[in-house]
1. Taking GLU96 as meeting all but one of (1) touching a residue at least 40 places away in the same chain (Cβ under 8 Å); (2) surrounded by 13 or more Cβ atoms within 10 Å (Cβ to Cβ), write down the number of the exception.
2. Of all residues in the range 87-141, count the ones that are hydrophobic (A, V, I, L, M, F, W, C), within 60 Å of the chain's Cα centre (by Cα) and in a strand (DSSP E or B).
3. Given ARG55, ARG74, which one is surrounded by 15 or more Cβ atoms within 10 Å (Cβ to Cβ), basic (Lys, Arg), over 37 Å from the mean Cα position of the chain (by Cα) and under 30 Å from LEU131 (Cα atoms)?
4. What's the number of the condition LEU360 fails, among (1) surrounded by 13 or more Cβ atoms within 10 Å (Cβ to Cβ); (2) not in a helix (DSSP H, G or I)?
5. Being surrounded by 17 or more Cβ atoms within 10 Å (Cβ to Cβ), hydroxyl-bearing (Ser, Thr, Tyr) and within 30 Å of LEU113 (Cα to Cα) narrows it down to one of TYR40, TYR49, so name that one.
6. So for the range 290-300 (the condition being under 15 Å from the mean Cα position of the chain (by Cα) and at pLDDT 90 or above), does at least one residue qualify?
7. Looking at the range 182-207 only, could you name the residues that are without any contact (Cβ under 8 Å) to a residue 24 or more places away in the chain and surrounded by 13 or more Cβ atoms within 10 Å (Cβ to Cβ)?
8. Conditions: (1) modelled with pLDDT of 90 or more; (2) of a type in the set (A, V, I, L, M, F, W, C); (3) surrounded by 14 or more Cβ atoms within 10 Å (Cβ to Cβ). VAL33 meets all but one. Number of the miss?
Amino acid sequence: MKNLKYHMAVIMAAALLFALSLTAASVAMAGIVYMSEDGYYRAGSYSFYNSSLCRDTTDDYAERVFNEYFQLYREPFKNAEEAFRLQQFDMEFAPEKTNFLFSVTDPAGKVLLSNLQHTSVGQQRTYEYALDGADYLLNAYVKAPIAAADRYDMAFRIFSVLYSMRYILIGILAAAILSGGILFVFLMNAAGHRRGQEGVVLSGQDRIPLDLYGAAAALGLLLILRASGELGRRMSHVWTENIWQAALLCLLSMAASFISLAACMTIAARLKMGRWWKNTIVYRILSLIAKGFGLIGNILKTLISQLPLLWKTTGAYAVYLLTNGLFVILFFMSIDSVGEILIPVLWLLFNLSVLAGLCLATLQLDKLKKGGEKIAAGDFNWKVDTRGMVWDFKAHGESLNSIGDGMAKAVEEHLKSERLKTELITNVSHDLKTPLTSIVNYVDLLKKEKIENQNVLEYIEVLD
């Protein structure tokens, strides 16, 4: 089972099953919500004649009878086409061929058009219509039981299936959610893995920039949602005649499932690979912008670093004055608006920021002052802490540290030279001491001798 995630056929089968599970869950949820709102789960008796399927079919028949059949019937003169259409209506609404019985009456209660017969009915509804300034009533009845093969027959069949499956759909929903969850976990685990290759391997879709991929997926889902909404709107009335639209909705639901699953799998693969944000258009654009700003910043830094400190100070003060002047102009331009309060607040924050910067500069100068005093006092090992320092302050601190290092090195070299001199003198003294001692001893011995030679005596006197 652990190696199944490396088999492409298994992954594709799991993806198909996941889409089917999600579609089944969507259909089951829609059916449960529809039946719950329509009363399928209410305690007590509930029949087809209480359902919206029956009511919607009756509403549609009533509209056709009054707006088409009745208005054609009351026309005094009819051409051949109209006579044929009327004959078709007579055949369609013949009592033995329809489950819809009706009577159209005028304000006086006179029956103008009817197909009523003595039979049991399961539903009765009354409709009011206005035509040519007069009000009409249409009394509609639905036969019980459903006998004729008309729209009621199809609606009754659908009702029977739904009613018998009202509790089964709950089980289907739970099973679809459970199986879909298991398949989703498996597919997320399989994302980024390929048979015969170690580690995470990105596929073609994983190399598409993530934000571009997400935008395309969102657009696809939006189009599917709009198409589904349009289909649902058209199915909202007498949807028993539009079974193909229901099938198309299921196909759209599966397409949405595949798009969502593909998006989740590519996200999972990118997360496993790490540094997923680098494969986005936004990151690339921001990187280019950052490089551009960095290049401009380096150029400005180089130019500014070449300027004397006096010019830098003068320029900073000029920028400060111009900014305050801009705040004054904006304040007068925003009088009697929200800017009248906002601009002074921003001006105060700006000046507080400048004050904080001056305090920081003062603290850094104090560090430099203490460092110079320590070095001047002979403490060449003292180091100025340049962390947090900026611009010329940091450069000056590093210069002081370099001076201290140089002085310490010079002192160390001087001491080393003195030690070498002392060692040299000691060694030379030691080397001379032995022969001199021998000479002195031999001179003493020669002085004890009776020497007649005058030259030798002079030599002895010199050595003595």
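The values are calculated or read from the model by the stated rules, or taken from the named source; none is laboratory data. Model, not experiment: these values are computed from the prediction. So basically every Cβ, Gly included, is an ideal-geometry build from the backbone, and we count neighbours across all protein chains shown.
1. (2)
2. Residues flagged as hydrophobic (A, V, I, L, M, F, W, C), within 60 Å of the chain's Cα centre (by Cα) and in a strand (DSSP E or B) within the range 87-141 amount to 9.
3. ARG55
4. (2)
5. Going through TYR40, TYR49 in turn, the sole match is TYR49.
6. Within the range 290-300 (the criterion being under 15 Å from the mean Cα position of the chain (by Cα) and at pLDDT 90 or above), the answer is no, since none of the residues qualifies.
7. Correct list: ILE182, VAL201.
8. The one condition VAL33 does not meet is (3).
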